[in-house]
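Student: Just dropping this structure here.
The values are calculated or read from the model by the stated rules, or taken from the named source; none is laboratory data. Owing to the predicted nature of the structure, the values given are computational and were not obtained by experimental measurement. As a convention, Cβ positions derive from the backbone with ideal geometry for all residues, glycine included, and neighbour counts pool all protein chains shown. Protein only, heavy atoms only, side chains kept; ligands, DNA and RNA dropped before computing areas. Shrake-Rupley method; radii C 1.70, N 1.55, O 1.52, S 1.80 Å.
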Amino acid sequence: MRQRHPDPIATLGASVNLLLAVQIAVGAILAFQYRAGEKTAHADTAAIAKHAGSGFLHGVHYWGSALLILLSGFLVLAATWSGAYRGQTRSRYLCALAIFAVTIGFQLTGNLLPFDRHGVQTAAIEGSIIARIPGIGPTLASATLAGNAFGPATLELWWNAHRFLFPVLWIITGIVAALAYMRHEDVEIDLRLAAIPTVVCALVAAFVAAPLGSAATPDDYSRFDAAPSWYTLPAHGLLVVFDQIAPGLGWVGAMLLPLIAGAVLLGLAATEADVRAARTTVIILALAFGLPTLHVIGRSAPLVGTRDPVSDPTRVTPPGTVDATVQPPQDATLAAKGRTAFNAGPCAGCHGQDGIGTPAGPSLTRSHVRHPEAEYYVRYIVNPKSVKATSTMPAFPDTKKEELDAIAEFLRFPIAPKPDAPKPD
């Protein structure tokens, strides 16, 4: 009788599903202690983290979600490389793709739930990138943020997606995958190996607390100082690369390219392509997402401790050394020219007329409070990353000096909001 050996792809798939099941169970327990409100979300998360038992579960939930991204992504690549997208294993391959997508959805929505400064600003940045998609961007961003800008309604929407939508999608996918495995009785799974990631997750959670920053304030709703999380570095790197190709193209790298990659992987399964083509695809995807990640590898938020955003760490002048009262008086004529240039150019496309803010870009109506010096705005427009390394704003190095000086003069003084525009806090 021929001895059967465990299927490594099936075992990896089982480990992903086991860890995901634990995540959903732990999340359900923590949900009883959490209220998704502007005034309650952070306080409830802090209370959960302080208690020994719930704090451990909080850690399992956090570190487990990180491990799930790595495992489910590796599962997709390994299954593609081995040709598991063809024949009898195709349905299992499609389930692996679905689980990876669900895992990303869990992580993106879950990052906001503690409602700390990093989570809130990250969500606002993600909404702004979506809003930059030509044509449908503003509509998609409004649907994603539950309004024309980030607010408490965004938290409620993402919380409901996190506790209802994604668990249901995973359960459906899990059932389909289980049925696919049951149809092939010769598939062997090493349950001991499959349980290792869950055990590792529990051990890490026992010794390393999940990060939690300061409570977000309404000012964070329109601030873009947050560094990207580690799992968004590939998208952030592609955003940077495409914005360097042409200002405003960042959404192609951050949004369109991942969708194209998913479509290509689905196409392999639909056409049952040759394994050599699949392996070439894996190499191309690894380079396409890996090289931009290396380009921005040092810009991610810390994995432990507080992830509070640091406002402009490479600011033109050190914080506290600039006094707005000793700055040169405003040149009204130059500021008027700057306002016209701002509203007629790409600036208003993201930041709105007179800089009042849109889903695509933060409000600039109070920027003068933090930055009253003209040089700051000149440098930021020409090369945002020379001022703030994590900036998602495209560079405009070809802007004429006269126009730069005029826009800087306009921005370095208070901007009076239009009568029909909401006043800044």
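Student: Does Gly59 satisfy being among the small types (Gly, Ala, Ser) and closer than 21 Å to Ala202 by Cβ?
Tutor: yes
Student: Let me ask something else about it. Is it the case that the stretch 98-114 has a residue that's touching a helix residue (DSSP H, G or I) at 6+ places or on another chain (Cβ under 7 Å), modelled with pLDDT of 95 or more and part of a loop (DSSP other than H, G, I, E, B)?
Tutor: There is at least one residue in the stretch 98-114 that is touching a helix residue (DSSP H, G or I) at 6+ places or on another chain (Cβ under 7 Å), modelled with pLDDT of 95 or more and part of a loop (DSSP other than H, G, I, E, B).
Student: Oh, and also: Leu67 - would you say it is in contact with a Cys (Cβ under 6 Å, 6 or more places away or on another chain) and either in contact (Cβ under 8 Å) with a residue 24 or more places away in the chain or aliphatic (A, V, I, L, M) (or both)? Show your work before the answer.
Tutor: Working: in contact with a Cys (Cβ under 6 Å, 6 or more places away or on another chain): yes; either in contact (Cβ under 8 Å) with a residue 24 or more places away in the chain or aliphatic (A, V, I, L, M) (or both): yes.
Answer is yes for this residue.
Student: Look at Ala270 and say whether it is of a type in the set (A, V, I, L, M, F, W, C) and surrounded by 17 or more Cβ atoms within 10 Å (Cβ to Cβ).
Tutor: Working: of a type in the set (A, V, I, L, M, F, W, C): yes; surrounded by 17 or more Cβ atoms within 10 Å (Cβ to Cβ): no.
No, not satisfied.
Student: Out of all the residues in the stretch 5-18, is one or more under 25 Å from Ala206 (Cβ atoms) and in contact with a His (Cβ under 8 Å, 6 or more places away or on another chain)?
Tutor: No, there is no match, as no residue in the stretch 5-18 is under 25 Å from Ala206 (Cβ atoms) and in contact with a His (Cβ under 8 Å, 6 or more places away or on another chain).
Student: Mind checking which helices (runs of 4 or more DSSP H) fall wholly inside the stretch 329-385 and carry at least 2 residues that are of a type in the set (D, E, K, R), open to solvent by 30 Å² or more (accessible area, probe 1.4 Å) and more than 20 Å from Ala131 (Cβ to Cβ)?
Tutor: Values: elements: 332-344, 346-351, 367-370, 374-382.
The qualifying helices (runs of 4 or more DSSP H) are 332-344, 374-382.
Student: Would you check if Gly110 is more than 17 Å from Ser72 (Cβ to Cβ), surrounded by 14 or more Cβ atoms within 10 Å (Cβ to Cβ) and under 16 Å from the mean Cα position of the chain (by Cα)? Give the steps one after another, and end with the answer.
Tutor: Numbers: more than 17 Å from Ser72 (Cβ to Cβ): no; surrounded by 14 or more Cβ atoms within 10 Å (Cβ to Cβ): yes; under 16 Å from the mean Cα position of the chain (by Cα): yes.
No, not satisfied.
Student: Open to solvent by less than 50 Å² (accessible area, probe 1.4 Å) and either part of a helix (DSSP H, G or I) or aliphatic (A, V, I, L, M) (or both): does that describe Gly127?
Tutor: Numbers: open to solvent by less than 50 Å² (accessible area, probe 1.4 Å): yes; either part of a helix (DSSP H, G or I) or aliphatic (A, V, I, L, M) (or both): yes.
Answer is yes for this residue.
Student: Read through the list (1) closer than 23 Å to Ser128 by Cα; (2) assigned to a helix (DSSP H, G or I); (3) open to solvent by less than 50 Å² (accessible area, probe 1.4 Å); (4) aliphatic (A, V, I, L, M), then give the number of the only condition that Ala277 fails.
Tutor: Exception for Ala277: condition (1).
Student: Something else now. Any residue at all in the stretch 112-124 that's under 24 Å from Leu18 (Cα atoms) and not aliphatic (A, V, I, L, M)? Even if it seems obvious, please write down each step before you answer.
Tutor: Quick first cut of the stretch 112-124, residues under 24 Å from Leu18 (Cα atoms) only: 113.
Okay, now just the ones that are also not aliphatic (A, V, I, L, M), so none.
The answer is no; no qualifying residue exists.
Student: Do any helices (runs of 4 or more DSSP H) entirely within the stretch 1-88 hold 1 or more residues that are of a type outside the set (Phe, Trp, Tyr), at pLDDT 95 or above and over 19 Å from Gly213 (Cα atoms), and if so, which? I'd like the intermediate steps shown before the answer.
Tutor: On the way: elements: 8-31, 41-50, 52-82.
The qualifying helices (runs of 4 or more DSSP H) are 8-31, 52-82.
Student: For the stretch 132-157, which residues satisfy the criterion of being in contact with a helix residue (DSSP H, G or I) (Cβ under 7 Å, 6 or more places away or on another chain), surrounded by fewer than 20 Cβ atoms within 10 Å (Cβ to Cβ) and not in a helix (DSSP H, G or I)?
Tutor: Ile133, Ala146, Gly147, Asn148, Gly151
Listed here are the residues, each with its yes/no results for (1) open to solvent by 30 Å² or more (accessible area, probe 1.4 Å); (2) in a helix (DSSP H, G or I); (3) under 29 Å from Leu303 (Cα atoms); (4) modelled with pLDDT of 95 or more.
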residue	(1), (2), (3), (4)
Val240	no, yes, yes, no
Asp243	no, yes, yes, no
Leu259	yes, yes, yes, yes
Leu265	no, yes, no, yes
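Student: Residue by residue through the stretch 210-231, note down the ones that are open to solvent by 30 Å² or more (accessible area, probe 1.4 Å) and either free of Cβ contacts under 8 Å to residues at least 12 places away in the same chain or over 24 Å from Ala101 (Cα atoms) (or both).
Tutor: Leu212, Ser214, Ala215, Thr217, Pro218, Asp219, Tyr221, Ser222
Student: If you don't mind, another one. Just one of the numbered conditions (1) assigned to a helix (DSSP H, G or I); (2) of a type outside the set (Asp, Glu); (3) touching a residue at least 60 places away in the same chain (Cβ under 8 Å) is not true of Gly248; which one?
Tutor: (1)
Student: For Leu193, are the conditions met, namely being more than 18 Å from Ile69 (Cβ to Cβ), open to solvent by 60 Å² or more (accessible area, probe 1.4 Å) and in contact (Cβ under 8 Å) with a residue 60 or more places away in the chain? Steps first, answer last, please.
Tutor: Details: more than 18 Å from Ile69 (Cβ to Cβ): yes; open to solvent by 60 Å² or more (accessible area, probe 1.4 Å): yes; in contact (Cβ under 8 Å) with a residue 60 or more places away in the chain: yes.
The answer is yes for Leu193.
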